[in-house]
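Peer 1: Shown below is the structure under consideration.
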Amino acid sequence: MNAGSPGLDGQGDGEVNLERRRFLIGATAVVGGAGVVGAAVPFLASWAPSAKARAAGAPVSIDVSKLEPGEMLGPLPEWRGKPIFVVRRTDDVLAKLEATEVSLADPDSERETQQPAYAANPWRAREEQKAISVLVGICTHLGCSPKYYGEVGPQTFDANWQGGFFCPCHGSKFDLAGRVYAGVPAPSNLEVPPYMFESDDVIIVGQDEESA
Ligand code: FES
């Protein structure tokens with residue numbers, strides 16, 4: 001399989017173009033870094049506190065200053081032992097999310113357990129920084145890690161899906177706000193954790209105005 005058309009298993013070889021690199025950022029991180037993390041991730045995130053404190057549930061500080069539009073942060077930070085997806089979306093993606101032209105199971109984020117109230121909007125994000133998406137990277141079906149497909153448009157293996165997150169375990173699809181498509185095994189949208197911005201470039205996951 002060539003590098004320009006990554007398959008569902010996320011494996012391939014050959015030229016590493018931009019699309020491929022973005023794919024690898026998501027694909028490699030969610031499988032725990034097997035094989036190509038060092039080569040594929042173009043930058044390092046910084047976050048705190050220690051791994052032990054994070055596992056215990058302490059808030060996690062994440063620097064997104066080097067995150068370019070269309071990219072997902074890698075290596076992935078964790079919060080309470082869960083992988084956290086942080087994506088900076090393009091203006092095109094934001095407009096498409098607002099239009100909601102596709103068939104979604106919960107397009108208006110009405111299931112309150114899946115996001116804080118401030119993320120119950122088309123972007124499922126804080127509106128003042130709606131380009132930044134923060135999600136728990138665990139499929140709401142049986143807990144696999146979805147893979148990131150950042151390009152908007154029909155995907156090579158599914159013309160009805162416009163990109164976002166794909167769970168290879170049983171085929172659940174989510175859009176670039178983590179909203180689940182109708183008719184897939186996953187019953188609900190990906191979870192948005194509590195989060196807030198400490199500054200324009202630093203997010204704190206696990207803490208917001210309510211819990212601070
Ligand atoms: S665990 Fe994701 S589709 Fe089943």
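Peer 1: Scan the stretch 91-118 and report the pairs whose first residue is within 23 Å of Gly70 (Cα to Cα) and touching a residue at least 60 places away in the same chain (Cβ under 8 Å) and whose second residue is of a type outside the set (Ser, Thr, Tyr) and part of a helix (DSSP H, G or I), with Cβ atoms within less than 9 Å and a gap of 6+ or a chain change.
Peer 2: Val102/Lys96; Ser109/Ala119; Tyr118/Glu127
Peer 1: Given the residues Gly206, Gly153, Gly143, Gly171, which is the only one that is under 22 Å from Ala120 (Cα atoms) and not hydroxyl-bearing (Ser, Thr, Tyr)?
Peer 2: Sole residue among the options that is under 22 Å from Ala120 (Cα atoms) and not hydroxyl-bearing (Ser, Thr, Tyr): Gly206.
Peer 1: Let me ask another. I'd like the residue in the stretch 166-183 that is among the small types (Gly, Ala, Ser) and surrounded by fewer than 22 Cβ atoms within 10 Å (Cβ to Cβ) and, out of all such residues, is farthest from the ligand (Cβ to nearest atom).
Peer 2: Looking at residues that are among the small types (Gly, Ala, Ser) and surrounded by fewer than 22 Cβ atoms within 10 Å (Cβ to Cβ), I get Ala182.
Peer 1: Here is a further query. Being within 16 Å of the ligand (Cβ to nearest atom), assigned to a loop (DSSP other than H, G, I, E, B) and not hydrophobic (A, V, I, L, M, F, W, C) is the filter here, so list the residues in the stretch 111-140 that pass it.
Peer 2: Correct list: Gly137, Thr140.
Peer 1: So Val102 ticks every box in (1) farther than 24 Å from Glu209 by Cβ; (2) within 16 Å of the ligand (Cβ to nearest atom) but one. Which box is left unticked?
Peer 2: Tallying (1) farther than 24 Å from Glu209 by Cβ; (2) within 16 Å of the ligand (Cβ to nearest atom), Val102 fails exactly one: (2).
Peer 1: Select from the stretch 55-93 the residues that are in a helix (DSSP H, G or I) and of a type in the set (A, V, I, L, M) and write down the one among them that is farthest from Ile132 (Cα to Cα).
Peer 2: So the residue we want is Ala55.
Peer 1: Could you list all residues from the stretch 146-174 that are touching a Pro at 6+ places or on another chain (Cβ under 6 Å) and more than 20 Å from Thr90 (Cα to Cα)?
Peer 2: Residues satisfying the conditions are Cys167, His170, Ser172.
Peer 1: So which residues in the stretch 184-211 are of a type in the set (A, V, I, L, M) and within 16 Å of the ligand (Cβ to nearest atom), if there are any at all?
Peer 2: Hits for the stretch 184-211 are Val184, Ala186, Leu190.
Peer 1: Of the residues Gly143, Gly153, Gly163, only one is within 29 Å of Gly81 (Cβ to Cβ) and more than 14 Å from the ligand (Cβ to nearest atom); which?
Peer 2: Result: Gly163 is the single residue among Gly143, Gly153, Gly163 that is within 29 Å of Gly81 (Cβ to Cβ) and more than 14 Å from the ligand (Cβ to nearest atom).
None of the figures in this text is laboratory data; all of them are computed from the coordinates on show. What you are looking at is a predicted structure, and each value in this text was computed from that prediction instead of being measured. In this analysis, Cβ positions are derived from the backbone assuming ideal geometry, glycine residues included, and neighbour counts consider all displayed protein chains.
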